[in-house]
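Laboratory data are not the source of any read-out in this text; all were calculated from the coordinates shown. Since we're looking at a predicted model, the values are computed, not measured. Here the Cβ is made from the backbone with ideal geometry for all residues, glycine too, and neighbour counts use every protein chain on show.
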Amino acid sequence: MNNRPLQGKTFLVTGGAGFIGSHLCQRLLSGGARIINVDDYNNFYDPRIKEDNVRGFLKDSETFIDCRVDIRDAHALADVFATWGSQVDQVIHLAARAGVRPSLMEPQLYLETNVNGTLNLLEQMRRHDIRKMVFASSSSVYGNRTDPPFREDQDISKPVSPYAATKAMGENLLHTYSHLYGMQVVALRFFTVYGARQRPDLAIHKFTRLIDQGQPIQMFGDGSTLRDYTYIEDILDGITGAIKYDKTPFEVFNLGESQPVTLKRLIEVLEHTLGKCAIIDRQPLQPGDVMMTCADISKARQHLGYNPHTRIEDGIPHFVDWYRQTVPAAAILT
């Protein structure tokens, strides 16, 4: 991917210390961009993981400015924009309370962060005349569809979890601000992203750790649920394409691999890569879970130059290599 369009640009990235965010910051910095990172380093998972993600970036305080701010805090966010807003070329909004199942336990927190936080950002963009946002949406907005592949023009009015509902609301807010204030917005619906630095609560990371340690893994349902697992480097290519996209004021794109994999198959690939058998703890399907995700990526191919190429059989070994190099030796031997 040609990174020259990034040279000399300043991006305000929310959630830049997280899994996708830290990879994106690395990509942007390598292309000659400057980053204003807005991240609250909350305790959804160990904040030290996020601190490790950006430790190398902090060595250059001119190109990576770290602002420990919660996007729910409108006053603190206003201070960030008052300081840096005049220099920002684009906002890349990745920060969110993530995860379907946790959203059932704390729907208010998800609403406040994913909807009110997004509104706070849009208001600051409006006040400081920042004209473009790239927004991280989710495949969960499609609800429990069973008619693959999922297309961007399909109805998303029937989400089945608070998390999915907040992402759909976020897209609606973005459309409203684009319409009213002439902002250019690109919403990207991510499909089950994985790779190095993946959050420890997500299935691939959690399964890898538990299989490696000889502990049971929970398999919800009979293993036939399908997910469109998408490798992080492919996602970064899609985001880079969205940064350059300027054809329409508001657009939505799927970013997936378009090759759904059953839960059973995922476990098989992990077993083969780790050289260990999984101990399966069978559980019923969970509320809020969907039976399948499958992205139609023809629109992203045409307009973003998006061309994912990492099959799960290739991506999982890359992830396991990172895992074995990163986790403490004691954990590997447990």
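Show the residues, 5+ positions off or on another chain, whose built amide H is closer than 5 Å to the amide H of Phe250.
Val185
For Thr176 and Arg131, FRET efficiency with R0 = 25 Å and r from the beta-carbon atoms, rounded to 0.05?
0.95
Charges on Cβ only, +1 for Lys and Arg, -1 for Asp and Glu, centred on the Cα centroid of the chain; of Asn53, Val193, Pro308, which one is farthest towards the dipole's positive end?
Sorting the options by dipole projection puts first Pro308.
I need the calculated FRET efficiency for the pair Glu123 and Asp201, taking r as the beta carbon distance and R₀ as 51 Å, to the nearest 0.05. Before the final figure, lay out each step's value.
Values: r = 31 Å, r/R0 = 0.61.
Between Glu123 and Asp201 the formula returns 0.95.
When only Cα pairs under 8 Å and 6 or more residues apart are kept, what is the percent relative contact order across the chain? Working shown, then result.
Details: 628 pairs, mean separation 57.3, N = 334.
Over the chain, the number comes to 17 percent.
Rounded to the nearest 10 degrees, what's the angle between the helix 312-326 long axis and the longest principal axis of the chain, both from Cα atoms, 0 to 90?
80
Among Ser298, Phe319, Pro284, whose Cα lies farthest out toward the positive end of the dipole of the stretch 284-330, if unit charges sit on the beta carbon of Lys, Arg (+1) and Asp, Glu (-1)?
The residue sitting most towards the positive pole is Ser298.
Take each of the peptides 139-152, 50-63, average the number of other beta-carbon atoms within 10 Å over its residues, and list them starting from the highest.
Highest mean packing first, the order is 139-152, 50-63.
Just one of (i) 45, 20, 19; (ii) 47, 26, 22; (iii) 31, 23, 19 is semi-axes √(5λ) of the Cα gyration tensor in Å as worked out from the coordinates here. Which one is it?
Of the labelled values, this structure produces (iii).
With everything on Cα atoms, drop me the angle between helix 203-212 and the longest principal axis of the chain, reported from 0 to 90° to the nearest 10.
40
Given a Förster distance of 25 angstrom, what is the FRET efficiency for Asp89 paired with Asn42, based on the Cβ-Cβ distance and rounded to 0.05?
Efficiency, rounded to the nearest 0.05: 0.40.
About the Cα centre, and with charges only on the beta carbon of Lys, Arg (+1) and Asp, Glu (-1), how big is the dipole of the stretch 188-334? Nearest 20 debye, please.
The calculated dipole for the stretch 188-334 is roughly 140 debye.
Counting DSSP beta bridges in the stretch 169-311, what percent are antiparallel, to the nearest 5?
Once the DSSP bridges in the stretch 169-311 are tallied, antiparallel ones form about 10 percent.
Counting helices only, and only those DSSP H runs with n ≥ 4, report the 222 nm mean residue ellipticity of the chain as the sum of -39,500 (n - 2.57) divided by its residues, in deg cm²/dmol to the nearest 500.
Per the formula, -12000 deg cm²/dmol.
Amide H neighbours of Thr10 under 5 Å, at least 5 residues apart or on other chains, H built in the peptide plane: list them.
For Thr10, the qualifying residues are Arg34, Asp89, Gln90.
What do you get for the angle between helix 19-30 and the principal long axis of the chain? Use alpha-carbon atoms, 0 to 90 degrees, nearest ten.
Tilt of helix 19-30: around 50 degrees.
Output the relative contact order of the stretch 100-201, whole-number percent, from Cα pairs under 8 angstrom with separation of 6+ residues. Numbers along the way, then the final one.
Details: 106 pairs, mean separation 39.6, N = 102.
So the answer I get is 39 percent.
If you place +1 on the Cβ of every Lys and Arg, -1 on the Cβ of every Asp and Glu, and leave all else neutral, what size is the dipole of the chain about its Cα centre, to the nearest 20 Debye? Provide the component values of the computation, followed by the final result.
Details: 36 positive and 39 negative charges, 47 e Å.
Taking the Cα centre of the chain as origin, the dipole is about 220 debye.
Highest GNM mean-square fluctuation, the chain, Cα pairs closer than 10 Å: which of Ala74, Ala187, Ala164?
Of the options given, Ala74 has the highest mean-square fluctuation.
What are the ³J(HN,Hα) couplings of the stretch 157-165, residue after residue, when phi is run through the Karplus curve with 6.51, -1.76, 1.60 and θ = phi - 60°? Round to Hz, x for glycine and proline.
8, 10, x, 10, 8, x, 4, 4, 4
Run the simple label-point estimate for Thr248 and Gln154 please: 7 Å along Cα→C-beta, distance reported in nm.
Spacing of the two 7 Å Cα→Cβ label points: 1.8 nm.
Order these peptides, 259-268, 167-176, by their mean beta-carbon neighbour count within 10 angstrom, highest first.
167-176, 259-268
Hey, in the GNM for the chain with a 10 angstrom Cα cutoff, which one of Met183, Met133, Met105 fluctuates hardest?
Of Met183, Met133, Met105, the Gaussian network model singles out Met105 as fluctuating most.
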